[in-house]
Amino acid sequence: MGCWNPVTGLNGSLTDKKLENNMRGVVLRVVTVLEEPFVMVSENVLGKPKKYQGFSIDVLDALSNYLGFNYEIYVAPDHKYGSPQEDGTWNGLVGELVFKRADIGISALTITPDRENVVDFTTRYMDYSVGVLLRRAEKTVDMFACLAPFDLSLWACIAGTVLLVGLLVYLLNWLNPPRLQMGSMSSTTLYNSMWFVYGSFVQQGGEVPYTTLATRMMMGAWWLFALIVISSYTANLAAFLTITRIESSIQSLQDLSKQTDIPYGTVLDSAVYEHVRMKGMNPFERDSMYSQMWRMINRSNGSENNVLESQAGIQKVKYGNYAFVWDAAVLEYVAINDPDCSFYTIGNTVADRGYGIALQHGSPYRDVFSQRILELQQNGDMDILKHKWWPKNGQCDLYSSVDTKQKGGALDIKSFAGVFCILAAGIVLSCFIAMLETWWNKRKGSRVPSKEASSLQNETTTSERRNAWPLRPCLKLGTNTWRSQASSHGLHQSSQLGGPLDDP
């Protein structure tokens with residue numbers, strides 16, 4: 001340490017050279033709070049001390065390797081960072097330092113004025129900002145996506161138009177029927193007119209010819225209508241099947257504060273909770289974003305929308321309708337490493353605070369640690385540690401509210417499930433109608449053929465009798481007349497007898 005002389009002033013430095021260069025053999029007791037990715041349990045073998053890993057542990061190891069000290073680490077009994085109680089005492093990690101049960105406190109611990117009143121902090125080793133964790137808009141599979149390009153009311157109008165035009169075509173041909181060739185029959189029925197109009201609408205043509213001018217004008221307008229409708233449907237269907245619409249409208253803290261459909265909260269009595277409370281209760285920010293956020297977070301004195309620990313908030317987002325307000329660094333790590341990529345984050349990029357290492361009030365290690373942290377930041381080692389836990393190219397997109405991992409080229413079977421359902425319904429309906437037709441024909445045939453058979457038998461018997469009748473002359477009233485049952489037989493008999501008989 002330096003020495004003060006009234007004449008020469010300060011001799012030496014306030015930095016303890018012995019402490020800086022010879023901390024070897026010193027064992028520090030470190031208290032922490034588990035928070036991904038700052039502090040995590042890497043190995044937990046029964047009967048052996050737990051091993052920890054994380055960004056804060058890497059920073060602590062860098063200080064330990066440079067200064068030569070060792071440490072023993074344990075988790076705060078209540079798993080909290082620390083907040084003042086009603087009796088003036090502190091709980092959590094800060095409370096362990098206040099009661100001198102630990103030498104160092106390290107985790108995702110933010111530097112706040114209240115905490116600095118009871119403990120010392122090193123210089124910040126990472127910037128801090130508030131973020132929000134939300135669940136991505138789920139990609140729902142619509143079986144009838146093929147019908148999505150048009151609204152239900154539009155589909156109803158199109159179906160009604162098909163029926164109306166089919167009826168008009170039939171009426172026009174009924175009022176002015178086309179001339180038919182001798183022996184031909186008209187097929188212009190209402191059923192055929194409807195079928196022809198439907199076939200032309202789906203671009204499959206028709207079989208019924210229409211020759212009247214009025215009908216041709218009607219069909220010309222109908223074909224133009226069908227062309228526009230089919231073209232619009234095809235273009236809109238491609239967009240519906242290949243583009244996932246963004247359902248979430250929350251893209252910033254301002255958007256979150258203005259809506260009430262998705263409740264949001266944070267960890268009760270945490271630094272984020274106090275930060276939003278102080279901002280929200282500021283009379284100069286009565287109508288600000290933080291004021292609106294505080295009204296939501298403080299519902300039922302904070303018990304309605306807040307959680308007791310960060311992991312509970314993350315699980316609440318994943319499995320419910322909830323937004324979790326917490327440290328942006330923690331939320332970004334969760335979103336990057338989620339196996340389902342079900343999260344995305346929003347937040348402000350203004351770093352008004354930072355993470356620091358807490359020490360006992362008046363600790364001789366504060367300046368030594370702060371100096372080494374500045375050196376790690378200056379030579380780039382701190383950035384290397386950050387990239388280790390927050391890679392730029394993670395497996396998930398941090399800021400997209402929809403899943404960007406899905407391929408946009410190929411369409412799966414789920415997208416066309418509705419089309420196959422329509423085809424299956426048509427097949428089942430046609431088979432049912434075929435069974436009804438078969439049953440009806442058999443039922444009709446069991447009654448009608450008996451009459452037809454008896455009629456045919458009578459005609460056959462009569463024909464046989466006619467063929468068996470002899471041609472004989474009959475003399476009636478002095479006149480000879482040939483009785484013949486068939487004109488051909490009469491001609492044949494007259495030729496055999498040499499012509500008709502003369503009168504006597």
> Could you give me the ³J(HN,Hα) list for the stretch 322-334, computed from phi with Karplus coefficients 6.51, -1.76, 1.60 and θ = phi - 60°, whole Hz, x at Gly and Pro?
Replying inline: 7, 10, 10, 9, 7, 4, 4, 5, 5, 5, 5, 5, 4
> Which of the residue pairs Lys51/Lys386; Lys80/Lys316; Lys80/Lys100; Lys51/Lys388; Lys51/Lys392 have a Cα-Cα distance greater than 22 Å in the structure shown?
Replying inline: Lys51/Lys392
> Are there trypsin sites (Lys or Arg not before Pro) in the stretch 74-156 that DSSP puts in a loop and that have at most 16 other Cβ atoms within 10 Å, and which ones?
Replying inline: Lys100, Arg101, Lys139
> Residues in the stretch 259-296 near a label at Phe99, defined as backbone nitrogen under 20 Å from the 7 Å Cα→Cβ point?
Replying inline: 269-270
> Taking the stretch 296-394, which trypsin sites (Lys or Arg not before Pro) meet the DSSP loop condition and have no more than 13 other C-beta atoms within 10 Å?
Replying inline: Lys392
> Given a Förster radius of 35 Å and the C-beta distance between Leu237 and Glu437 as r, what FRET efficiency does 1/(1 + (r/R0)^6) yield to the nearest 0.05?
Replying inline: 0.50
> Most exposed first by the Cβ proxy, i.e. fewest other Cβ within 10 Å, how do Ser42, Ser232, Ser370 rank?
Replying inline: Ser42, Ser232, Ser370
>> Multiplying the sequence separation of Lys48 and Asp87 by 0.36 nm and subtracting their Cα-Cα distance, what value in nm do you get?
In response: 10.3 nm
> Under a point-charge model restricted to the Cβ atoms of Lys and Arg (+1) and Asp and Glu (-1), what is the dipole moment magnitude of the stretch 299-343 relative to its Cα centre, in debye to the nearest 20?
Replying inline: 180 debye
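Here, each number is a calculation from the coordinates, and none is a lab measurement. Remember, predicted model here, so these are calculated numbers, not experimental data. Positions of Cβ are backbone-derived with ideal geometry, glycine not excepted, and every protein chain shown enters the neighbour counts.
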